[in-house]
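Each remark here refers to the structure printed beneath this line.
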Amino acid sequence: MISRRWWILVRYLRRLWVRAAIYCLVGVAVAVAAILADPYMPSDLPRKVGADAVDSILSIIASSMLAVTTFSMTTLVSATTAASSSTTPRATSLLLEDTTAQRALSTFLGSFLFSLVGLIALNTELYGAGGRFILFIATLVVVVLIVVTLLQWIDHLAGLGRVGETITRVEKAVARAYRAHRRTPYLGCLPLLQDVPDGAIEIQHDSVGYLQHLDVKALSAIAEKGDLDIYVLRRPGGHCDPSTPIASVVLHDASATYDAALTAGIRAAFTLGPRRSYDQDPRFGLIALSEIGSRALSPGINDPGTAIDVLATLVRVLVPDGKEERDREDRDISYPHVHLPQLREDDLIDAAFMPISRDGAGLVEVSIRLQKALAAVAAAAHPEMRPAARRLAAIAQRRSLEKLEFEPDRERLVAETGL
């Protein structure tokens, strides 16, 4: 489990402006480094390679990269808007974190600043002969980098914002979170399967929002130092507010005094935000996938094929593959003084399949594919998922039989049901 500080750092590194700022700093640093390295270069070498041509090359880069950056940013915004309207708004954050788009925009902006700083230094005669030669070599490298990035960006634009590409991005995010959940279902803590002991001290958070990250390592350190047990009452993805407790504390020594500073430390381990995060919350990713399938079944879109594609995607996420079984970690208890509630299998199955079972009940092809998907989950997924899959399959079949008016469709649904 990563700490809160490391998680926040990773979140910042995923943001578009951070990568762009790094590329810009590198571009400026290269242009300035040519000035500092000027004394160490032979004075006659630049004339042999024609380094004076760097002025016109930098002018072309400066004039073109700003336009390319503006166009690329407009394209990314349009793709994000299209994905939000055709799939789900919960997927827009994944599009903005796309490494290919971020690398392209950062390269274009960094190249623009590199050329701009280079032109300013050239016009103010900060470069000597050796510095101009280094700038010429760096400019050639930047030109090659721009060409390669443009080719990758053009190929990437073909699928940016499309429904299929958005489904793939959400699938990767939810699969990563779901695999992590299966490896450590309680984040290394003890399972909280019973009620909190009597006399526990309840702790409320002073903010309102969704629990985006839980730093169980910090909670364990607090529990060991204070000789107490911490019972976490909200898993990542849960909504927190000052009216409901987020955790309860049980002192090992009844005569010990509870320090108010412990409350601040426990609260700091709960990172809240206005929206849910995919990292420690596999249910959120399943909800996002299900929303895509549900929206495809709306009368305005009327695309059952996308809903069927989403069902196949959900099966791939929930059914483990051979590599996952080989990489399966032991569920050792790393934090014995922290207790975490269970993420129920019924909640996972309902998040994944309930909206599609409701909105696609009147379509026989979607209903049949839903039954086959639930049958695959019950047969091949983790054993604890089977009762939940069978329960929802029975509910979905009953709902579809009530919605389907054509008797042959009803008979076909019953015949194709896999459970």
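Computed from the coordinates by the stated procedures, all read-outs in this text should not be read as laboratory data. All figures in this text were calculated on a predicted structure; none of them were measured in a lab. Virtual Cβ from ideal backbone geometry, glycine too; neighbours counted across all protein chains shown.
Values for this structure:
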{"item": "Linear extension gain, THR81 paired with ASP241, 0.36 nm per residue minus alpha-carbon span", "result": "54.5 nm"}
{"item": "Estimated Rh, region 341-406: Kirkwood, alpha-carbon pairs, angstrom", "result": "11.9"}
{"item": "Interatomic Cα distance distribution for the chain, bins of 20 angstrom, percent", "result": "22, 40, 29, 9, 0"}
{"item": "Nonlocal amide H pairs with ALA247, under 5 Å, H built at 1.01 Å", "result": "ILE203, LEU233"}
{"item": "Phi to ³J(HN,Hα) by Karplus 6.51 cos²θ - 1.76 cosθ + 1.60 over region 27-40, Hz, x for Gly, Pro", "result": "x, 5, 4, 5, 5, 6, 4, 5, 5, 5, 8, 4, x, 8"}
{"item": "Furthest towards positive pole of dipole, ALA269, SER248, VAL317, structure part region 236-324, Cβ charges", "result": "VAL317"}
{"item": "Under-29-angstrom lysine pairs by C-alpha in the chain, whenever the two are 8 or more apart or on separate chains", "result": "7"}
{"item": "3J(HN,Hα) from dihedral phi, region 118-131, Karplus parametrisation 6.51/-1.76/1.60, rounded to Hz, x for glycine, proline", "result": "x, 5, 4, 5, 5, 5, 8, 6, 7, 8, x, 5, x, x"}
{"item": "Candidates PHE284, PHE406, PHE136, ranked by Gaussian network fluctuation over the chain, Cα under 10 Å, top entry", "result": "PHE406"}
{"item": "R0 of 25 Å, Cβ-Cβ distance ASP55-GLN152: FRET efficiency to nearest 0.05", "result": "0.30"}
{"item": "Helix-only mean residue ellipticity at 222 nm for the chain, each DSSP H run of n ≥ 4 adding -39500 (n - 2.57), per residue, nearest 500", "result": "-21000 deg cm²/dmol"}
{"item": "Residue-wise HN-Hα coupling along region 234-249, computed from phi with Karplus coefficients 6.51, -1.76, 1.60 (Hz; x: Gly, Pro)", "result": "10, 7, x, x, x, 8, 10, 8, x, 7, 10, x, 9, 7, 10, 10"}
{"item": "Rg in Å to one decimal, and Dmax rounded to a whole Å, for region 174-257 via C-alpha atoms", "result": "13.9, 47"}
{"item": "Cβ-Cβ FRET estimate between THR257 and SER334, R0 fixed at 30 Å, reported to 0.05", "result": "0.60"}
{"item": "Cβ-derived FRET efficiency at R0 45 Å, LEU145 paired with SER207, nearest 0.05", "result": "0.55"}
{"item": "Degrees separating the helix 163-183 axis from the principal Cα axis of the chain, which is the longest one", "result": "60"}
{"item": "Antiparallel bridge percentage (DSSP; both residues within the chain; nearest 5)", "result": "70"}
{"item": "GNM result for the chain, Cα springs below 10 Å: residue of PRO274, PRO299, PRO355 fluctuating most strongly", "result": "PRO299"}
{"item": "Residue list for region 283-309, given a label point 7 angstrom along the Cα-to-Cβ vector of THR168 and an amide N cut-off under 12 Å", "result": "none"}
{"item": "Estimated inter-spin distance, GLU407 and ASN302, nm [label 7 Å along Cα→Cβ]", "result": "2.8"}
{"item": "Segment ASP347-GLN194, extension gain: residue separation times 0.36 nm, minus the distance between their alpha carbons", "result": "53.3 nm"}
{"item": "Most mobile of SER64, SER400, SER357 in a GNM of the chain (Cα contacts under 10 Å)", "result": "SER64"}
{"item": "Diffusion constant of region 91-134 at 4 °C, which comes from Stokes-Einstein with the Kirkwood Cα-pair radius and 1.567 mPa s, µm²/s", "result": "103"}
{"item": "Cα gyration tensor category, rounded, prolate or oblate, for region 75-154 with a/c compared to 1.5", "result": "prolate"}
{"item": "5 angstrom amide H check on LEU192, placed H, neighbours 5+ away", "result": "LEU340, GLN342"}
{"item": "Local electrostatic count at GLU165 - Lys and Arg +1, Asp and Glu -1, tallied over other residues with Cβ under 13 Å", "result": "-1"}
{"item": "In degrees, nearest ten, helix 386-403 long axis to first principal axis of the chain (Cα)", "result": "80"}
{"item": "Gap separating the Cα centres of region 12-26 and region 333-400, nearest whole Å", "result": "40"}
